[in-house]
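J.: The following block contains the structure, expressed as structure tokens.
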Amino acid sequence: MVYYVEYVFAENFIIDFILLFITGKLVKKGIIYKRLIVASAVGALYVILTAYIAEAFMTYFIVKFSVSALMLMIAFDCKGILANIRVIICFYITSLIMVGIITGLYYFTYSKVTVSVIVISFFIGYVALSFFFKEIKLRQEKSNYMRTVTIGLSGRSKSIKGFIDTGNELSDPLTGKPVIVVNIQCIKNILGDELYTSVLSFYNKEKSYEEILSSHSDINLRIIRFNTISSKGEMMVCIIPDDIEIMDNFNKKNTAKKITADAIIGLYPKKISQKEDYDALLFNKILEWELEQNNELVNVC
């Protein structure tokens, strides 16, 4: 079979260019087309030289890896070892997924790989990878707002996972303290069976809020009205705990930050998260408190 050098070069140039373009989009690097063209030409030239020289060492992994690393260094201006490793990993993941899709379509199209099949493969791969990287980014961003909340009440305590909702502005109208909305089921053991049952009876409209407050006069309870998107004038039973500690032990630096929150607990009868990955809804002011604590530590040092 006769292979024309210009066709082989053009084919590999286009494939390398698309792979580099997708990699740049996924890792959020600025696309400079001149650099992509030069990098793609290097990759295509490597294929031509491999066929022309016909030496085994040209197909060694270390040679292929070195060429791909050179292509990425030309295509993207990455500063730092970690940034370069991230781009290389993304490039190889993209390449492997594209090869897998093309192989799958190769069998589905009865061993006929046309230009349209390759274009469809790259489109499917780009969409799949975009969704994959977006999901990872969302999970990382979400973890930045996760906290461990320890609630103390009547000599008992309970630790639960909480999520900082920047839109949570619920507060006690009497004291102005912010409200942490908690799934009542998660703190049942520190509330006690009697209070737990009474609060549920209130939400089930079996008891009025006057009955709740009078039957538990020894406990500092509140009834707060709040509005939601779907309804207005809803009521929530709240309790003032002995203490609340909030710890940021989900941060990437593995340095746990603990603050004491001056807040009250809103007892909610339903799940806070549909995915059940947290049981409390925190407020935006926690981020300000943590920032103030960091500034105090810096000043001390």
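J.: Considering only Cα-Cα distances, which of the following residue pairs are longer than 22 Å: Lys188/Lys258; Lys207/Lys232; Lys188/Lys270; Lys207/Lys275; Lys158/Lys257; Lys177/Lys205?
T.: Lys188/Lys258; Lys207/Lys275; Lys177/Lys205
J.: Per the helix-only calculation at 222 nm, which mean residue ellipticity applies to the chain, given -39500 (n - 2.57) for every DSSP H run of n ≥ 4 and division by its residues, nearest 500 deg cm²/dmol?
T.: -17000 deg cm²/dmol
J.: When volume of the Cα convex hull per residue in Å³ is calculated directly from the model, which label among (1) 225; (2) 191; (3) 279 fits?
T.: (1)
J.: Moving to a separate point now. Taking GluC sites (Glu not before Pro) that fall in a DSSP loop and have at most 13 other Cβ atoms within 10 Å as cut points, what is the longest piece of the chain between them? Don't skip to the answer; put the middle values down first.
T.: Details: sites that count: Glu55, Glu169, Glu206, Glu276.
Here the longest run is 56-168.
Every number here is computed from the coordinates shown, using simple stated rules; none is lab data. Being a predicted model, the structure only gives us computed values, none of them experimental. Cβ: placed from backbone, ideal geometry, glycine included. Neighbour counts: every protein chain shown.
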